[in-house]
Amino acid sequence: MNQVAEIKLEGRVYTFPVVVGTEQEKAIDIRELRNQTGYITLDDGYANTGSCRSAITFIDGEKGILRYRGIPIEELAEQSSFIEVSYLLIMGRLPTRAELRRFSDLLTQNQMLHEDMKFHFEGFPPNAHPMAILSAMINAAGCYYPELLRRDISDHFETLAARLLSQVRTIAAFAYRKSRGLPFIYPKTQYKYAANFLHMMFSHPSEDCELKPEAVRALDLLFLLHADHEQNCSTSTVRMVASSGANLFACAAAGVCALWGPLHGGANQAVIEMLEEIHRSGDDGRKFLEQVKNKSSGRRLMGFGHRVYKNYDPRARIIKRQCDELLAKLGRTDPLLDIAKRLEEAALQDEYFIERKLYPNVDFYSGIIMRALGIPVNMFPVIFAIGRMPGWIAHYREVAEDPQGRIYRPRQVYVGPTLQHYVPIDQRT
Ligand code: CMC
């Protein structure tokens, strides 16, 4: 028998259906709540709100489980690649060899920006944050594809998706080159996704940079681990914008803006800045943790805590291992990795963090890998954005193709002044 939820209000009992997901997650379907009762729900920060049904990513935050289309993140990290995972997320299943080849070819065919796009980069000041450039340029890139403005894009969705996924990488690398006053380096046909990004970042017109396989693999893994994370702030933004019928590039540009904040994708930059500060001060991390626990300091242990994970973030576990492997292969050490490990160890034994179930999240160790690859700190959120692109595209598609889709439009509880009348300016005190 279908389960129902009863809500008693002002002496009357109302029933609402219970929706059960494929992983037995339960939700009360309150779509008729206001119609029937006149009440709405209030859920600041949406911690208890299921904004949609989605078939893309499953997270069990209590157990520390993350799966893309049902496949555990650990298996994908071990055996797959970013582009195969992108196909999985966007198309809904793993590709055959032929499908993967076709998708990769589409990415290659679409990797070049329209030549005129180069002039747009001139408009930014030299110290512009690359996330600002990325967002603006994704929107600008969309202007070159009038077919984006058609409401029905089902017949060429794969091409559009490949174009965005491919060009975001080119835009990101160009943003970096611009910020350094360096000439743009065009992508090469023979390089795969992550290798091409490193090439566009670090080669010179007269000499290609050396692409170490372990560095390419580490970057590909970072992209893969960031590829989707269900209804996080930026993905919810993409879905929100998509629900109004805006085009794919506009939605992705909005996603970049939402991701930029230090509580979300900007946290990887904030973590490294925090570790550098601790290193500079000569603290072994203990003083800093004391500051964090003192709420009046307003400081947080960046890269720790998560709205959904109340256990170790499985991505952080993989990235931490990758840090050790990459640094060993490159024959390097990084004092910030030692500080990070000490901070983690101390935090995981500290009552403050235990009580609040605060564990390392995806951003705690990812910056160590990016530093080892030579990526500057202000590009860290950009790496996150490139990685998250397939997730945003998959969510955009879910919204755009939902036959029952409605514009996302939450309500509010108004707490402002009740009716008052306009006072002409010379009568105001
Ligand atoms: N350091 C110290 N205390 C923390 C931290 C932290 N990193 N995170 C949460 N808390 C405390 C918080 O002060 C609160 O304490 P109390 O109950 O005494 O008021 C309690 O833990 C619950 O925190 P919250 O802010 O209500 O939790 P939230 O679910 O609203 O926020 C979060 C989640 C990720 C924004 C938060 O944990 C945070 O600010 N972490 C640091 C920034 C960060 O690493 N962000 C990356 C998130 S993962 C990747 C991504 O999605 O982009």
Checklist outcome for this item: Any lysines whose Cα falls less than 30 Å from that of K295, other than same-chain ones fewer than 8 residues away, would be K63, K287, K310, K320, K341, K357
Item to check | Label-to-label distance, nm, for residues given as D29 and E214 (7 Å Cα→Cβ offset) | outcome: 5.4
Checklist entry - Which value does Rg/Rh take for segment 342-429 over its C-alpha atoms, Rh per Kirkwood? => result 1.25
Next on the checklist: Could you tell me the calculated FRET efficiency between L94 and F184, based on Cβ-Cβ distance and R0 = 25 angstrom, to the nearest 0.05?
Outcome noted: 0.10
Item to check | Gain on full stretching of the segment that runs from R342 to R101 - 0.36 nm per residue minus C-alpha separation | outcome: 82.4 nm
Checklist entry - How many percent of the accessible area of the chain is carbon or sulfur, using a 1.4 Å probe? => result 50
Item to check | In Å², nearest 10: area of D155 left accessible to a 1.4 Å probe | outcome: 120
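For M302, what is the net charge nearby, where nearby means another residue's Cβ is under 14 Å from its Cβ and Lys, Arg count +1, Asp, Glu -1?
For residues surrounding M302, the net value is -4.
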Checklist entry - Just A140, A47, A218 to compare: in a GNM of the chain, with alpha carbon springs under 10 Å, which one fluctuates most? => result A47
Next on the checklist: Just to be sure I understand: if I project the alpha-carbon convex hull of segment 133-284 onto a plane and average over all orientations, what area do I get in nm²?
Outcome noted: 11.7
Checklist outcome for this item: Cα-only Rg/Rh for segment 1-116 with Kirkwood Rh rounds to 1.16
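Rounded to the nearest 500, what is the chain's calculated 222 nm mean residue ellipticity when only DSSP H runs of at least 4 contribute -39500 (n - 2.57) each, over all residues? Each step should come with its number before you reach the end.
Numbers: 18 runs with 213 residues, N = 429.
Per the formula, -15500 deg cm²/dmol.
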Item to check | Simple spin-label estimate for V413 and I7 in nanometres, 7 Å along Cα-Cβ | outcome: 1.3
Checklist entry - Which whole-number percent of Cα pairs in segment 209-361 have a distance greater than 27 Å? => result 34
Checklist entry - Looking at segment 49-208, what % of the alpha carbon pairs are farther apart than 20 Å? => result 60
Checklist outcome for this item: Shape descriptor, the chain: equivalent ellipsoid semi-axes (Cα gyration tensor, sqrt 5λ, whole Å, largest first) stand at 36, 29, 25
Checklist entry - Counting Lys and Arg as +1 and Asp and Glu as -1, each charge on the Cβ, what is the dipole of segment 33-191 about the Cα centre in debye, to the nearest 20? => result 280
Checklist entry - At a Förster distance of 35 Å, what's the computed FRET efficiency of Q109 paired with I65, Cβ-Cβ distance as r, to 0.05? => result 0.45
Checklist entry - Over the Cα atoms of segment 55-140, how large are the radius of gyration and the largest Cα-Cα distance (Dmax), in Å? => result 17.8, 49
Checklist entry - What are the radius of gyration and Dmax of segment 273-429, computed over its Cα atoms and given in Å? => result 22.5, 75
Checklist entry - What length, rounded to one decimal in nm, is gained on full extension from R356 through to N48, with 0.36 nm per residue of separation minus their alpha-carbon distance? => result 109.1 nm
Checklist entry - Over the chain, what is the mean sequence separation of C-alpha contacts under 8 Å (at least six apart), divided by residue count, expressed as relative contact order in percent? => result 19
Item to check | Dipole in debye (nearest 20) - segment 1-88, about Cα centre, beta carbon charges: Lys, Arg +1; Asp, Glu -1 | outcome: 420
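On a 1.4 Å probe surface of the protein chains, which of E75, E62 comes out largest in accessible area, and what is the full order?
I get E62, E75, largest accessible area first.
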Checklist entry - Using the membrane-span-like helix rule (whole DSSP H runs, Cα extent along the own axis of at least 27 Å, mean Kyte-Doolittle hydropathy at least 0.0), which helices of the chain qualify? => result 157-179, 380-400
Checklist entry - S154 versus K287, label points 7 Å from Cα toward the beta carbon: distance in nm? => result 6.3
Item to check | Area of F121 that stays accessible when all protein chains are in place (1.4 Å probe, Å², to 10) | outcome: 0
Checklist entry - Out of segment 140-220, which GluC sites (Glu not before Pro) are coil in DSSP terms and have no more than 15 other C-beta atoms within 10 Å? => result E210
Next on the checklist: Could you report the chain's accessible area per residue, 1.4 Å probe, as an integer in Å²?
Outcome noted: 52
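The values are calculated or read from the model by the stated rules, or taken from the named source; none is laboratory data. Since we're looking at a predicted model, the values are computed, not measured. Glycine also receives a Cβ, built like all others from the backbone with ideal geometry; neighbour counts cover every protein chain displayed. Remember, those area values only see protein heavy atoms, side chains included, never the ligands or the DNA or RNA. Shrake-Rupley method; radii C 1.70, N 1.55, O 1.52, S 1.80 Å.
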